[in-house]
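The values are calculated or read from the model by the stated rules, or taken from the named source; none is laboratory data. All figures in this text were calculated on a predicted structure; none of them were measured in a lab. For neighbour counting, all protein chains shown are included, and Cβ atoms are generated from backbone atoms with ideal geometry for every residue, glycine included. Just the protein is used for accessible areas: all its heavy atoms, side chains included, with ligands, DNA and RNA removed. Shrake-Rupley method; radii C 1.70, N 1.55, O 1.52, S 1.80 Å.
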Amino acid sequence: MTVNEKAILVGVDGSDASYKATWWAANYAKHAGLTLQIVCAYSLPSYAAVSFDATYTAMGDDNVAHTDAQEILSKAKAIADEQGVEAATLIVTGDPSSVFVELSRNYNLIVIGNRGKGGLAERLLGTTSSSLPAYAYCPIVVVPYTDDDGNLMHLNNTITSVVVGSDESKWGLKALDIAAEFAHQWGAKLTVMSAVPSFGGMGMFASGGATGAEANSIMESYLEDLDVRIAPIQERFPDLVIAKSVVPGSAVTALTEASHNTDVVVVGSRGRGGFTGLILGSTSQGLLQHSVSPVYVVPRKYVEAAESRLDTVPASPADVTPKSLDDISGVQEVSVPTADAEAAHAIEATIDPEHKA
């Protein structure tokens with residue numbers, strides 16, 4: 001494994017969804033032996049509307065916002081502390097989308113929660129022109145809070161299964177490489193999934209599409225392509241259990257369904273095959289909005305970061321040149337006390353119905 005000293009960054013805004021992301025990030029940091037940093041972002045006057053999911057009474061009062069941010073960081077630190085992970089804390093003011101993109105140069109991974117009540121996640125996932133999973137310089141994990149019906153999702157301490165959406169693009173190949181290393185870290189089973197694209201607005205296997213013989217030939221061709229992509233992964237990780245899956249129709253639907261039976265879904269943010277638009281497409285239909293397990297996104301910019309000078313993708317986030325915090329406007333490192341264990345237990349009991357103190 002590549003030695004990488006960069007930390008994991010998790011964003012919080014006081015929502016239960018962001019605290020759940022903190023739990024996942026701390027659990028992974030502990031397993032991977034990486035340090036953790038927690039960042040709380042706010043901007044005025046938008047803070048008045050979002051208010052970190054807390055009561056906000058003093059319109060435009062930066063001191064109140066700053067104090068609330070410290071309290072949120074204190075609770076998030078307590079969640080990390082419960083897992084034996086000591087976390088540093090940052091406060092970001094201004095537009096979080098642009099700041100997080102710049103911050104992403106400095107981290108191994110950024111973790112954010114989803115399905116909160118607006119706030120940070122909404123601004124970071126945002127539109128396709130500003131979405132963090134598209135433009136970050138390091139991979140992003142988006143942790144769901146509930147399913148589409150509002151049911152709270154349980155998060156496992158141990159990852160036993162990983163599924164990756166794979167195509168032949170450089171983004172798909174990098175996603176496969178990262179998924180294999182991630183699964184290897186946990187001793188998890190890896191399922192490599194490829195989607196057969198649709199033509200003429202109709203899936204190949206829909207009525208009026210390919211015949212049985214043609215469908216079999218197409219499936220065999222896709223399986224052969226998978227074998228070629230998987231071969232170097234199997235050589236690199238000979239003990240890794242790998243399953244192959246070729247699915248007709250929507251890649252979003254296939255991976256969303258797979259998320260019900262796996263611990264992490266890995267996908268690239270671009271690609272020429274069936275996964276094109278999976279992240280950059282409509283958020284109402286995208287995987288990030290419907291997955292019930294964390295989605296590990298390999299961003300476009302991360303893959304392209306080193307191409308202009310190396311003609312290759314970065315082997316790991318360690319290859320991306322970091323940027324000093326002093327050169328990133330609106331970032332302040334702060335020291336906050338850790339909330340007591342009771343506060344952490346109360347939050348954990350809220351964010352996970354299967355939590356045991």
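For ASN114, the residues whose modelled amide H falls within less than 5 Å of its own, excluding neighbours fewer than 5 places apart on the same chain, are VAL143, TYR145.
For the pair ALA243 and ASN261 in one chain, pulling the backbone fully straight at 0.36 nm per residue adds 5.1 nm over the alpha carbon distance. Sequentially through the stretch 175-182, phi angles give Karplus couplings (6.51, -1.76, 1.60; θ = phi - 60°) of 4, 5, 4, 5, 4, 5, 5, 5 Hz, Gly and Pro residues having no value and appearing as x. Given a Förster distance of 30 angstrom, what is the FRET efficiency for GLN70 paired with ASN157, based on the Cβ-Cβ distance and rounded to 0.05? Computed FRET efficiency for GLN70 and ASN157 comes out at 0.55. In this structure, the amide hydrogen of LYS323, modeled 1.01 Å from its nitrogen in the peptide plane, lies closer than 5 angstrom to those of ASN106, counting only residues at least 5 positions away or on a different chain. For the set GLU181, GLU82, the ranking by accessible area, highest first and with no ligand, DNA or RNA atoms included, is GLU82, GLU181 under a 1.4 Å probe.
Listed by chain and number, the lysines placed with their C-alpha closer than 21 angstrom to that of LYS77 are LYS6, LYS20, LYS30, LYS356; residues fewer than eight positions away on the same chain are left out. Please give, to one decimal in nm, the separation of the simple spin-label points placed at GLN234 and SER221, each 7 Å out from Cα toward the Cβ. With each label point 7 Å from Cα toward Cβ, the separation is 2.2 nm. Between amide H atoms placed 1.01 Å from N, distances below 5 Å from VAL247 occur with SER194, ALA195, VAL196, all of them 5 or more places distant or on a separate chain.
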